[in-house]
Amino acid sequence: MSIKFTKKVVATLFISTSLMILNAAHAGGRLKVKSTTNNQNGGTTSVRASAAKGQNGGGMVRARGTTTNGQGQAAGGGATAVKGPNGGVGVRAGGFTADDTGNVNYQGGAAATGANGSAATTGGFSRAAGGGVMGSRSTTATDNNGNTYDGNTAYQSGTGINHTQTCYNSDGHEIKCPNNK
């Protein structure tokens, strides 16, 4: 049996987040909302959301939720968006599932952009009930001069980690990636 967010949970997250954005945009300051309730599957469903706006124009909004079925299964997710006072923005979102045998899966991503460039990353991992773990992440970043970094990292229990990276200049020609060690 898999657990999914119901339409009611998604609607609650959307409405709560929308109200928080509107309230924070008009009033400044901070707003928080949270709720936990028993669900029809014998578990609980929890949602939390918050929003804030600073004096200098920066702000954030965040929402997350988790649901269980009372039989050891759970699912959840969350998202955050931020805006800096100088125009930089960032977002992240992720979700997980866990079953009653110990299997866990997570997928998530993030992106940001600002005066110095932009970056985006996606990835996830899974853990098997027997303890094996595997995961991967892909990242791309571009600086304000147009130089780009593309990196991929993978991990698997028993095999270890593997990382590849390639960098390009603003003309699209491959260049040596910086070493920040």
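Looking across the stretch 114-171, the residues that are charged (D, E, K, R) and either surrounded by 12 or more Cβ atoms within 10 Å (Cβ to Cβ) or within 22 Å of the chain's Cα centre (by Cα) (or both) come down to ARG127, ARG137, ASP143, ASP150. Taking the stretch 86-106 as the search range and keeping residues that are more than 17 Å from ALA120 (Cβ to Cβ) and surrounded by fewer than 17 Cβ atoms within 10 Å (Cβ to Cβ), which one is nearest to the chain's Cα centre (by Cα)? Checked the stretch 86-106; the qualifying residue nearest to the chain's Cα centre (by Cα) is ASN105. Keeping to the stretch 140-163, report how many residues are in contact with a Ser or Thr (Cβ under 8 Å, 6 or more places away or on another chain) and under 30 Å from ALA128 (Cβ atoms). Going through the stretch 140-163 one residue at a time, the tally reaches 10. Quick one: count up the residues across the stretch 118-171 that are over 27 Å from ALA98 (Cβ atoms) and outside any loop (DSSP other than H, G, I, E, B). Within the stretch 118-171, residues that are over 27 Å from ALA98 (Cβ atoms) and outside any loop (DSSP other than H, G, I, E, B) number 16. Residues of the stretch 157-181 that are in contact (Cβ under 8 Å) with a residue 24 or more places away in the chain and under 17 Å from GLY124 (Cα atoms): SER157 alone.
Every read-out reported here was derived from the displayed coordinates using simple, explicitly stated rules and does not represent laboratory data. It should be emphasised that the depicted structure is a prediction, and the values quoted were computed from it without experimental measurement. Positions of Cβ are generated from backbone atoms using ideal geometry, with glycine treated the same way; all protein chains shown enter the neighbour counts.
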